[in-house]
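What follows is a short report on a single structure.
The values are calculated or read from the model by the stated rules, or taken from the named source; none is laboratory data. Here the structure is a predicted model, which is why all the values come from computation and not from measurement. Note that each Cβ is placed from the backbone with ideal geometry, even for glycine, and that neighbours are counted across all protein chains shown. For accessibility, only protein heavy atoms count, side chains too; no ligands or nucleic acids. Shrake-Rupley method; radii C 1.70, N 1.55, O 1.52, S 1.80 Å.
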Amino acid sequence: MSNKVLAGRYELFERIGEGGMSVVYKAKDRLLNRFVAIKILKPQFINDSKFIDSFRRESQAAASLSHPNIVNIYDVGREGNIHYIVMELIEGKTLSDYIKEHGAMSYPKVIALSKQIAAALAFAHKNHIIHRDVKPHNIMITPNGTAKITDFGIAKAVNAATIVDNTDGIIGSVHYFSPEQARGGYVDEKSDIYSLGIVMYEMLTGRVPFDGDNPVNIALMHINGEMIPPSRLVEGVPPALEHIIMKCTDKYPINRYASADELIEALNNLEFVGSVVGDSVLMGGAAGAKRQQVREGNGPMVETDYDDGDDYDEDRDDDRDDRRGGMDRKKKRLIIIIAAAVAAVIAGLAIAFALGAFGGEEIETPVFKNMTLEQAEKAAAEYDLKIREGDMVISEDVEKGLIVSQDPEPGTMIKTGSTVTVNISNGLGDGDVPDLKGMMQDDLSEYLEAAGFTLGNVTEKASEEEKGTVIDQDPEPGSTAEKGSAIDVVVSDGSLAKAEMPYLVGQTLSDAQTLLLNAGLQVGEISYDYSNTYADGEVMWQQYDANAQLEKGTKVRIRVSRGEEPEETTAAPTQPPAEDGDSDEE
């Protein structure tokens, strides 16, 4: 298709990329005299009207996004059977290609790129657009280190690593999509945050957390699998950065960051602390810093404000001020000085504790999981520890009101007198109660289990509905109830159930009996008579009119034809024999 001109304006030159649904060409906009990238829909999709409408609608919505970290969309059009999108041409490479070439990145690079990607998502979310397919393949890195997300709203690549739903087409790329996408559930901003967390994980470790032989297995891992913390795969991962990644990729949306802006704030705080206290402190020791220096040897891609532990540089901080939006330099310098002083005090206290200046016996943190808060406080007192209540979190495994997790984790060495923060299970959270009315009792248990509830008490009540049909429930449909809770139902006992009289006339006796039984009625008295209209063995009369509403089990009388009545025959009279004495003969 090279050298073709679209819409009399866009001259195609060379193919520069290809995805599951489209091919990308480098082209020149003759009108504005600039180079652009044109994405052309593959021929196999041009006859899918629903796909085309979605392609056009969402592309036009994405074209309204103008942000330095989003690939601009200039035009959306069609020429004949060719559907195309005109986009900003990015000189650079995809993040996926960079990871393939260089492997794991240093943590400052991960922070810098993650902030840019999160900024693009935050802007899109404020404009009510969810990407739904955040992955390294859809992130371009320019030569100056700028990250740009592409394929907003159309990033539904159709390939072997994609799962499709039955209503809205593609729901994401299996290695990066959220558990709710894997379930085919509701997708919102937090789904994009989960996917970004997976991208951050891959940037930091050089691999995705979940992989398998087929997309279904990988999807199930997102739903049920435990993610290996990045620090177990690479050395020197800052604990705070690992915490950010694990929070982004929590299986329950409520436990993730509330917004991309909140994620950016957490990354900013981590970056700020690193610039103040130095790399070795942030990394938890010199070994971590050494590991990061090795990663830097792979070749820098993004310029960062990474402080390698040298003395504070005021000029460098002024440069950072300019990049962060023009915060008043004097005010920020004061904040940094105060933060540095606080960090110095904290570091001094840490050294003092390490030297035993403050005393305290070093012990292993006990296990508090599955305890109530009161039980944990009593158990902690025996070890001369304190308990602080943390967050209420959703949990599939731990009963509501019991401890789900703790910080420090069990087995960690801590001093007596320390405080352990515990998070409390809020159960499975709340869900919308499904409508069970009209369903049959035998189907309830499996249906409720799939919806996250259980079947409670079942009572019977006189009703015209078929026996076993749900006629009432508690809680009511559409109300909110805790997941895992029981739903009570009332079912019909069938005592008042009505049966509709079928039309039997003209049916054979055998078929008529079957129809009556299927309708919940019984065959009553059967009589027979001749008929010139109905063949032998056909029903010629029924006791009740068709469609009449009868009590279940009612007996119905029917009359069956014997066929045509036979003709009567008259025999000649026979002369009786003469009696003695009656002869005429003399």
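General observations
- Every pair of residues 6+ apart whose Cβ atoms lie under 8 Å, when the first sits in segment 530-559 and is over 15 Å from L517 (Cβ atoms) while the second is open to solvent by 50 Å² or more (accessible area, probe 1.4 Å) and of a type in the set (A, V, I, L, M): R557/I526; R559/I526
- The single residue among N166, N138 that is modelled with pLDDT under 80 and of a type in the set (S, T, N, Q) turns out to be N166.
- Of the listed requirements (1) among the hydrophobic types (A, V, I, L, M, F, W, C); (2) part of a strand (DSSP E or B); (3) open to solvent by less than 30 Å² (accessible area, probe 1.4 Å), I117 misses just one: (2).
- Apart from one condition, D397 fits all of (1) among the acidic types (D, E); (2) in a loop (DSSP other than H, G, I, E, B); (3) touching a residue at least 12 places away in the same chain (Cβ under 8 Å); the exception is (3).
- Considering residues of segment 462-499 that are at pLDDT below 90, in a strand (DSSP E or B) and open to solvent by less than 60 Å² (accessible area, probe 1.4 Å) only, the residue nearest to A450 (Cα to Cα): A481
- Flag if V76 is assigned to a strand (DSSP E or B), open to solvent by less than 20 Å² (accessible area, probe 1.4 Å) and out of contact with any Cys (no Cβ under 6 Å at 6 or more places or on another chain): no
- Across segment 234-267, the qualifying residues are those that are within 21 Å of the chain's Cα centre (by Cα) and open to solvent by less than 20 Å² (accessible area, probe 1.4 Å), and the one among them that is nearest to A118 (Cα to Cα) is A260.
- Selection count, segment 515-540, where residues are assigned to a helix (DSSP H, G or I) and surrounded by 14 or more Cβ atoms within 10 Å (Cβ to Cβ): 2
- G92 fulfils the conditions (1) open to solvent by less than 30 Å² (accessible area, probe 1.4 Å); (2) of a type in the set (G, A, S); (3) at pLDDT below 90 except for a single criterion, (1).
Residue by residue, here is whether (1) crowded, with 20+ Cβ neighbours inside 10 Å; (2) basic (K, R); (3) at pLDDT below 85; (4) part of a loop (DSSP other than H, G, I, E, B) holds:
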position: L121; (1), (2), (3), (4): yes, no, no, no
position: V134; (1), (2), (3), (4): yes, no, no, yes
position: K148; (1), (2), (3), (4): yes, yes, no, no
position: D151; (1), (2), (3), (4): yes, no, yes, yes
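- Selection count, segment 170-188, where residues are open to solvent by 30 Å² or more (accessible area, probe 1.4 Å) and either over 8 Å from the mean Cα position of the chain (by Cα) or at pLDDT 90 or above (or both): 2
- Residues that are open to solvent by 70 Å² or more (accessible area, probe 1.4 Å) and over 32 Å from the mean Cα position of the chain (by Cα), drawn from segment 12-26: F13, E14, R15, I16
- Top-ranked residue in segment 412-440 [being outside any loop (DSSP other than H, G, I, E, B) and modelled with pLDDT under 85; ranked as least open to solvent (accessible area, probe 1.4 Å)]: G431
- Test: residue in segment 394-411 that is within 17 Å of P253 (Cα to Cα), within 28 Å of the chain's Cα centre (by Cα), surrounded by fewer than 19 Cβ atoms within 10 Å (Cβ to Cβ) and not small (G, A, S): yes
- When D443 is tested against (1) assigned to a strand (DSSP E or B); (2) open to solvent by 70 Å² or more (accessible area, probe 1.4 Å), exactly one condition is not met: (1).
- Count of segment 196-220 residues, restricted to those that are open to solvent by 60 Å² or more (accessible area, probe 1.4 Å) and either touching a residue at least 12 places away in the same chain (Cβ under 8 Å) or within 26 Å of K148 (Cβ to Cβ) (or both), is 4.
A quick yes/no check of all residues on (1) closer than 30 Å to V273 by Cα; (2) polar (S, T, N, Q):
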{"site": "S59", "(1), (2)": "no, yes"}
{"site": "A63", "(1), (2)": "no, no"}
{"site": "P68", "(1), (2)": "yes, no"}
{"site": "E79", "(1), (2)": "no, no"}
{"site": "V86", "(1), (2)": "no, no"}
{"site": "I90", "(1), (2)": "no, no"}
{"site": "L95", "(1), (2)": "yes, no"}
{"site": "K100", "(1), (2)": "no, no"}
{"site": "S106", "(1), (2)": "yes, yes"}
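- Breaking point among (1) touching a Ser or Thr at 6+ places or on another chain (Cβ under 9 Å); (2) part of a strand (DSSP E or B); (3) modelled with pLDDT of 90 or more, for F35: (1)
- Boolean, G553 is within 30 Å of S395 (Cα to Cα), part of a loop (DSSP other than H, G, I, E, B) and either modelled with pLDDT under 90 or among the polar types (S, T, N, Q) (or both): no
- Positions within segment 48-71 being open to solvent by less than 60 Å² (accessible area, probe 1.4 Å) and either part of a strand (DSSP E or B) or modelled with pLDDT of 90 or more (or both), in sequence order: H67, N69, I70, V71
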